[in-house]
1. Report every pair of residues separated by at least 6 positions or lying on different chains whose Cβ atoms are under 7 Å apart, first residue within the stretch 127-143 and more than 8 Å from the ligand (Cβ to nearest atom), second of a type in the set (Gly, Ala, Ser) and open to solvent by 10 Å² or more (accessible area, probe 1.4 Å).
2. Is one or more of the residues making up the stretch 213-220 of a type outside the set (A, V, I, L, M, F, W, C) and without any contact (Cβ under 8 Å) to a residue 24 or more places away in the chain?
3. Search the stretch 164-193 for residues being farther than 30 Å from residue 3 by Cβ and near the ligand (Cβ under 9 Å from one of its atoms), and hand back the single one that is least open to solvent (accessible area, probe 1.4 Å).
4. Residue 263 versus (1) under 21 Å from residue 183 (Cα atoms); (2) open to solvent by 20 Å² or more (accessible area, probe 1.4 Å); (3) of a type outside the set (Lys, Arg): which is the lone unmet condition?
5. Quickly run through the stretch 47-64 and pick out the residues that are part of a helix (DSSP H, G or I) and not charged (D, E, K, R).
6. Here is a check on your reading of the model: is residue 14 surrounded by fewer than 17 Cβ atoms within 10 Å (Cβ to Cβ), touching a residue at least 60 places away in the same chain (Cβ under 8 Å) and on the phi < 0 side of the Ramachandran plot?
7. Please tell me if residue 33 is charged (D, E, K, R), touching a residue at least 40 places away in the same chain (Cβ under 8 Å), away from the ligand (no atom under 14 Å from the Cβ) and over 15 Å from residue 285 (Cβ atoms).
8. Can you tell me which residue in the stretch 68-106 is surrounded by the fewest Cβ atoms within 10 Å (Cβ to Cβ), limited to those that are of a type in the set (Val, Ile, Thr) and closer than 22 Å to residue 290 by Cα?
Amino acid sequence: MKRRVFSGARPTGRQHIGNYLGAIQNYVALQDEYDCIYCIVDIHALTSLEDTGELQRNIREMVLDWLAVGLDPGKSILFVQSQVPEVMELYTLLGMITPLSWLLRVPTFKEKVKLQPHNVNYGLVGYPVLMTADIVLYKAEVIPVGEDQLPHLELAREITRRFNSSFGDIFPEPEAKLTSFPLVLGLDGKSKMSKQAGNDIEIALSDKETVKRVMTALTDPARRYRNDPGHPDICNIYRLHGYFSPRQTDDIAARCRSAKIGCVDCKQLLAEAINIALKPIRERRAALATEPQYIADVLTDGARRARVIARKTLKEVKQKMGLI
Ligand code: TYM
């Protein structure tokens, strides 16, 4: 039997190249070797969303991105979290074995408290428990994620171990799988690329929009004038060249260090390389966007298949916990 992969992403809208390089690349790569399940975690999104008016549209946009980059519903299960309500039951049950102190020390919880002080809801504290429920409901072993999710994964492992030692060994300990770009910085060159921070480059941008976005990026802060020598090793644009222009990185680094190339030229080159790399994805996306019924069917079928597995696990959990 193939080992199982699970991962999820919040439907915050169109996916950016941070999601792509940090996680989605691996979602696609793992499809042939593993039994893959990918979930649009709408319930997790509610921990930060106060206005849910865009939620359904965001879900569709995300599926379009996922299918366009190569997720194949013939190979992987793609579904929306709330369509498999068993996860909420398991979340409640796992909540009973998770010490509050474990949750309060999670760094992402502390960050969220700072980011949304007016909305520190109970769901934020339980966020990693719901993630654990996502994973163990499918007895997943391999979890492709970006580096920012590692604290959550660590907690998922602890909760899994605690469940297994209290009620019997039924869950494998999930393991994170990182890409070679586990943390993509945003256009500010400092913080993680994210929609919330407004420093992202969406996969689905047009060529022109991509150039415009990339041109706003901050580069080597020590290079103030065109003729100053640059420091590619501290420049986020150079890092991105590493993925999008792998054969030119040595040349770009040399020309940057000797000030033969300016930051504007370097960004222009990056934007062009991004546009070339994403062209086939963008074309597939545009074609898929004309098929809303197909997108809806993919999610309905995914939820149906996921639910078969979910029901079985939940029954086993309830038996182990003495509830039935
Ligand atoms: P989310 O929606 O924030 O991000 C989706 C995936 O993209 C990765 N990612 C990045 N990787 C590198 N650089 C970046 N700048 C960057 N931004 C995002 C994330 O690490 C993630 O893999 N809590 C999760 C969703 C989730 C989940 C799960 C994941 C819910 N249940 C179970 C794995 C297993 C999240 O909010 O991802």
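1. Taking only residues 6 or more apart or on different chains, the pairs are 129/95.
2. First, pick out the residues of the stretch 213-220 that are of a type outside the set (A, V, I, L, M, F, W, C): 213, 216, 219-220.
Applying the additional criterion that residues be without any contact (Cβ under 8 Å) to a residue 24 or more places away in the chain yields none.
No, because not a single residue in the stretch 213-220 is of a type outside the set (A, V, I, L, M, F, W, C) and without any contact (Cβ under 8 Å) to a residue 24 or more places away in the chain.
3. Restricting attention to the stretch 164-193, the residues satisfying the condition of being farther than 30 Å from residue 3 by Cβ are 185-191.
Narrowing further to those that are near the ligand (Cβ under 9 Å from one of its atoms): 185-186, 191.
Numbers: 185: 30, 186: 1, 191: 47 Å².
Here the answer is 186.
4. For residue 263, the exception is condition (1).
5. Within the stretch 47-64, the first condition is being part of a helix (DSSP H, G or I), and the residues that meet it are 55-64.
Result: 55, 56, 58, 59, 62, 63, 64.
6. On the way: surrounded by fewer than 17 Cβ atoms within 10 Å (Cβ to Cβ): no; touching a residue at least 60 places away in the same chain (Cβ under 8 Å): yes; on the phi < 0 side of the Ramachandran plot: yes.
Here the answer is no, as residue 14 does not meet what is asked.
7. Values: charged (D, E, K, R): yes; touching a residue at least 40 places away in the same chain (Cβ under 8 Å): no; away from the ligand (no atom under 14 Å from the Cβ): yes; over 15 Å from residue 285 (Cβ atoms): yes.
No.
8. Step one: of the stretch 68-106, the residues of a type in the set (Val, Ile, Thr) are 69, 77, 80, 84, 87, 92, 97-98, 106.
Narrowing further to those that are closer than 22 Å to residue 290 by Cα: 69, 77, 80.
Values: 69: 20, 77: 22, 80: 22.
Ranking the candidates gives 69 first.
The values are calculated or read from the model by the stated rules, or taken from the named source; none is laboratory data. These figures come from a predicted structure and were not determined experimentally. Every residue, glycine among them, receives a Cβ derived from its backbone with ideal geometry; neighbour counts consider all protein chains shown. Side chains are part of the model used for accessible areas, which takes the heavy atoms of the whole protein and leaves out ligands, DNA and RNA. Shrake-Rupley method; radii C 1.70, N 1.55, O 1.52, S 1.80 Å.
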